[in-house]
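Notes follow once the structure below has been shown.
The values are calculated or read from the model by the stated rules, or taken from the named source; none is laboratory data. Owing to the predicted nature of the structure, the values given are computational and were not obtained by experimental measurement. Neighbour counts run over all protein chains shown; Cβ positions are idealised from the backbone, glycine included. What goes into the accessible areas is simple: the full protein's heavy atoms, side chains included, and nothing from ligands, DNA or RNA. Shrake-Rupley method; radii C 1.70, N 1.55, O 1.52, S 1.80 Å.
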Amino acid sequence: MAGEISVSVGKNKEAEKTTVIRMRFARSGPPVWLAHLDLMRTFERSVRRAALPIAYTRGFNPRPQLTFALPLGVGLATEDDYVDLTMLEPIDPQSAVDQLNLFLPSGLTVLTGGVVSAKDPSLMSLIQAAEYLLEGQGISAAAKRIAGLPQGQPWLVEKNQKGNMVTVDIRPLLMDMYDESLDRLFIQVKAGSKSNLRPKLFLDALVRLGGLNPLAAADTAITRTKLLIADGSGGLKSPLPRSGAFRQR
Amino acid sequence: MSTVNVPRHVLQSVIKPARYVGGEWGSVHKDLSADDQIRIRFAFCFPDTYEIGMSNLALQILYDLLNKRQDTWCERCFAPWIDMAEQMRILGLPLYSLESYTPLREFDFVGFTLQYELSYTNVLSMLDLGGIPLLSADRKSDDPLVIAGGPVTYNIEPMADFFDLVIIGEGEEVLPELLDLYDANRSLVSRNRREFLRLAARIEGVYVPAFYHVSYHPDGTVAAIRPNEPGLPARIRKRIIRDLDRVGFPLAGIVPSTEIVHDRIFLELFRGCPRGCRFCQAGMIYRPVREKSTDRLVDQALAIERATGYDELGLLSLSTSDYSELAELTDRLLCHLTPRQTSLSLPSLRLDSFSLELMEKASKTRKSGLTFAPEAGTQRLRDVINKNITEDDLLTAMRLAFLGGWKGAKLYFMLGLPTETMDDVEGIADLTRKIEALYNELPKSRRPRRLEMTVSTALFVPKPFTPFQWAAQATPQQLDERIRRLRTLLRSRSVKYQWHDTDTSRLEAILARGDRRLGPVILAAWQRGARFDAWQEHFQMRIWIEALQAAGLDPDFYTVRERSEDEIFPWSHIDIGVSQSYLLSEYRRAQLAQTTPQCRDACSFCGAESFEGGICIGR
């Protein structure tokens, strides 16, 4: 019996056979209130329930090998997030997507999947920008006000950095901003490990500099609508080629 | 029917908002519009935080059981943390269920599981936030039936004013009958609530506190407890499931998305405990010992592991080593779970070489800490409490542990046990020193590099339905002195000492052996702001002392007073099967430091054999 127990799946030999499946997922409803660690745990357990041939990390505390693109703040919905799953054997991405969807809690949905090269740099390091939709009363007016501030004037907000309050200028982190309709504001911001603007910090700027009501800011619904990586020629592109199945904006 | 809509800014501002939104894998959502199929709405309430409540197996079992009924929808509700409760009050949001966000007051049943006395004020907070009158006597025909079950309901007297009815014994057995009765008498419930309660009280295991009158002697002890309605039994007998293999067990269960306290699958091996430790209430109220078969356990474990996606399975019982086929069970579980990267956790193991080998095997994937509970520092006191562990057992186990690579262990003791003297307290330090010596004597090559011992002392609280129900609790001064002594004696680089607060144990002792006169005290303490009393950061003994004084009650009456052998206890009308005469003989044996063999070695005819179940059969 003891012999059977110590047998592990011959991971070393199979290392070169692993396949990385990148999945685009959305979240809405109750899962919006999960912290990043909760979301990771929820995906891990869902992958286990779905019995996908997932690879495990080594060490004392083996975990399914999942890598997320960019942590999603508590309270944020998303229409365009990514997770890479390392599989022990080749698997058709679409059937992995279909299978996983059967086992995710309601509000989490995998939209598409594709194979990426295991040699690619980590997903997190590729992220360059993100787009968010902010929906809340008075957002458009406040955005207009800060956009009207003189060029060169910094947009200073307070930010908690490892327990210390620091003042940062977020203006250089905003790449684009436009109203789709009244109080539906899209912002495109720098994102990823080098420089990153969290949308809640942008809302702070709207409160501080644009006269947005703080309660309205706290009630604003935030949805991540795009995550973008460099396309290799100075532009940005999606981490997965978009398929017709997903709503395009 | 209404639903509660919590504004985003509220969820944005509270800590851990995931507690308040539901939607977890395995949570049950039913269609209310489907042809009136759902006739009973049941709110299962746990009077503590989400993370604690979701770690409770009773919740998972009863949620599964009730939701298997086509006519019932069971939803969950937990005590909102201070920040959330405050926001809800400001905005006038009623407490709601996590599945359909329905206000508590719109349910047919609001059922609390009571696991510990210090959660009582949270029951009041939840009723109040839910818009339900606190006192049973004030509830009207359209209010829910507020019911309770769980281990502390065996003496529910301090909370008797707040519940319409209480389930004595195992809910799996009683709840289906209660719900059937409710369904058949729906119009009666809204017409004449009292008449419905009269019918319910005829179900064995259902206790309606309002139907029993308690009179007191001038000294505050109980004079008599009598039914004040015709046709009711003088004593309410607990109900049990005779055969655990024949009762449903959740094969999927709710999988919380956010981290909870015990974040793993629980596999219940058996109910009851054959050991008979004299301080232990669970060991008496859950008798007789009833095991599940190994085949069934293995099937259940595999099904649950697949259905939940959990990567850890914990065996659950009062004393894992007493499962009769533990070796076979754990071998079969490990054989299935290890290749699936799922670990097995083994709490409550006895101190022996088999246990250590087992832990070694189980820790292939994850290494866990060792915990042992000698409970007392000297053999004399361990004999008093009937804890069948010797110093040799402990030293042998520690030696094997060091050789097996463990750096140490956590040792649990109790302070303030009946007959305890300072010698017994010093015995705890002696034992610890012997373990340190043992470590030092081992060759460096065969022992871990560092020794890390933890000694933890809880304070003894005499509980109803135990041989120590007559005993006095030690005074706060005595307890503080003993803690101080240990703090001095246990000063060592390799030993960490943790101790419990005396005030908390004092309140627990008041409530555990309390009577109905404490109802107004609990209400007053809650009105003065007592909340989450089990949480050190919120507990305020001052509030409780004031509330007791205002009611003209002396805390010492409940805590440090030894009861006479013929005293009528406030819980005398509850029959757990184990007889008063058995408990008393055990109390007397304790005074003489005489031990009693465990159930499997010799039947002591405690009275539990009258249930004709489990290991009592065939004796």
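Worth a mention:
- Dipole magnitude of segment B:8-237 about its Cα centre (Cβ charges: Lys, Arg +1; Asp, Glu -1), debye to nearest 20: 320
- Converting phi to 3J(HN,Hα) with the Karplus coefficients 6.51, -1.76 and 1.60 and the offset θ = phi - 60°, segment B:158-168 yields x, 9, 4, 5, 9, 10, 6, 8, 10, 9, 9 Hz in sequence order, with x at every glycine or proline.
- Model label points for B:Val560 and A:Phe60, set 7 angstrom from Cα along the Cα-to-Cβ axis, are 4.6 nm apart.
- For A:Thr112, the residues whose modelled amide H falls within less than 5 Å of its own, excluding neighbours fewer than 5 places apart on the same chain, are A:Arg24.
- The antiparallel fraction among DSSP beta bridges confined to segment B:224-352 stands at about 20%.
- Neighbouring partner chain Cβ atoms per residue of A:98-110, average, 10 Å criterion: 2
- Projected label points at B:Lys496 and A:Gln153, each 7 Å from Cα along the beta carbon direction, are separated by 5.4 nanometres.
- Dipole of the protein assembly as shown computed with +1 at Lys/Arg Cβ and -1 at Asp/Glu Cβ about the Cα centre; of B:Val461, B:Thr504, B:Phe413, farthest Cα towards the positive end is B:Phe413.
- Amide H contacts of B:Ser579 (H built 1.01 Å from N, in plane; Pro and chain starts excluded): B:Gly607, B:Ala608 sit under 5 Å, all sequence-distant by 5 or more or on other chains.
- Packing-based ranking, highest mean first, of B:573-584, B:241-252 given that Cβ atoms within 10 Å are counted: B:573-584, B:241-252
- Helix-only CD estimate at 222 nm, as mean residue ellipticity for chain A, using -39500 (n - 2.57) per DSSP H run (n ≥ 4): -6500 deg cm²/dmol
- Shape index of segment B:1-108: Rg/Rh, with Rg the Cα radius of gyration and Rh the Kirkwood radius from the inverse mean 1/r over Cα pairs, equals 0.96.
- Average accessible surface area per residue within chain B, 1.4 Å rolling probe, Å²: 38
- Label-to-label distance, nm, for residues given as B:Ser13 and A:Ala221 (7 Å Cα→Cβ offset): 2.1
- Candidates A:Val74, A:Ser95, A:Val110 compared by Cα position along the dipole of segment A:2-120: farthest toward the positive end lies A:Val74, with charges placed on Cβ.
- Taking the longest Cα principal axis of chain B as reference, the axis of helix B:171-184 is set at about 0 degrees.
- Gain on full extension, evaluated as 0.36 nm per residue between B:Ile38 and B:Glu177 minus their Cα-Cα distance, stands at 48.4 nm.
- Binned Cα-Cα distances of chain B, short to long, each 20 Å bin given as a whole percent: 18, 53, 27, 1
- Stokes-Einstein translational diffusion, segment B:182-303 - Kirkwood Rh over all Cα pairs, 1.306 mPa s, 10 °C, in µm²/s: 84
- Vicinal HN-Hα couplings computed from phi for segment B:439-456 (Karplus, 6.51 cos²θ - 1.76 cosθ + 1.60; Hz; Gly/Pro x): 5, 5, 6, 5, x, 3, 6, 10, 10, x, 5, 10, 9, 10, 9, 10, 10, 10
- For chain A, a Gaussian network of Cα nodes joined below 10 Å ranks A:Met23, A:Met165, A:Met175 by mean-square fluctuation, and the top entry is A:Met165.
- Cα centroid of segment A:52-84 to Cα centroid of segment B:78-140, whole Å: 36
- Element breakdown for chain B at a 1.4 angstrom probe: carbon and sulfur atoms account for 49% of the accessible area.
- Kirkwood hydrodynamic radius over Cα pairs of segment A:127-237, then Stokes diffusion coefficient at 10 °C and 1.306 mPa s, in µm²/s: 110
- Treating r as the C-beta distance of B:Ile617 and A:Asp92 and R0 as 60 Å, the FRET efficiency rounds to 0.60.
- Average beta-carbon neighbours from other chains, 10 Å sphere, peptide A:32-38: 6
- Dipole magnitude of segment B:369-500, debye to nearest 20 (Cβ charges: Lys/Arg +1, Asp/Glu -1, about Cα centre): 780
- Buried accessible surface for the A/B chain pair comes to about 3100 Å², total over both chains, computed with a 1.4 Å probe.
- Segment A:87-139 - Debye-derived log10 I(q)/I(0), Cα point model, q = 0.15, 0.20, 0.27 Å⁻¹: -0.70, -0.97, -1.09
- In degrees, nearest ten, helix B:353-362 long axis to first principal axis of chain B (Cα): 60
- Segments B:403-416, A:104-117, B:434-447 sorted - mean Cβ within 10 Å per residue, highest first: B:403-416, A:104-117, B:434-447
- Using every pair of separate Cα atoms, the Kirkwood estimate puts the hydrodynamic radius of the protein assembly as shown at 30.2 angstrom.
- In order along segment B:327-333, the phi-based Karplus estimate (6.51 cos²θ - 1.76 cosθ + 1.60, θ = phi - 60°) of 3J(HN,Hα) comes to 4, 5, 4, 5, 4, 5, 5 Hz; Gly and Pro are listed as x.
- The calculated 222 nm mean residue ellipticity attributable to helices in chain B amounts to -10000 deg cm²/dmol, summing -39500 (n - 2.57) over DSSP H runs of n ≥ 4 and dividing by all residues.
- With at most 15 other Cβ atoms within 10 Å, longest stretch of chain A clear of loop chymotrypsin sites (Phe, Trp or Tyr not before Pro) (DSSP): A:61-245
- All C-alpha to C-alpha distances of segment B:462-619, sorted into 10 Å bins beginning at zero, yield P(r) values of 9, 28, 29, 23, 11, 1 percent in whole numbers.
- Anisotropy class of segment A:2-120 from Cα gyration tensor, a/c 1.5 cut: prolate
- Here A:Arg184 and A:Met124 are evaluated by their C-beta separation; at R0 = 22 Å the FRET efficiency comes out at 0.15.
- Paramagnetic label zone (point 7 Å from Cα along Cα-to-C-beta, B:Asp352; backbone N under 18 Å) in segment B:267-285: B:270, B:273-277
- Its Cα centre serving as origin, chain B has a Cβ charge dipole (Lys and Arg +1, Asp and Glu -1) of approximately 1240 debye.
- For B:Met422 and B:His29, the FRET efficiency from 1/(1 + (r/R0)^6), where r spans their Cβ atoms and R0 equals 51 Å, is about 0.30.
- Using alpha carbons only: equivalent-ellipsoid semi-axes of segment B:452-554, gyration tensor based, whole Å: 29, 17, 12
- Spin-label zone in segment B:171-189 - amide nitrogen under 17 Å from a point set 7 Å from the Cα of B:Gln70 along the C-beta vector: B:180, B:183-184
- Gap separating the Cα centres of segment B:404-468 and segment B:543-557, nearest whole Å: 36
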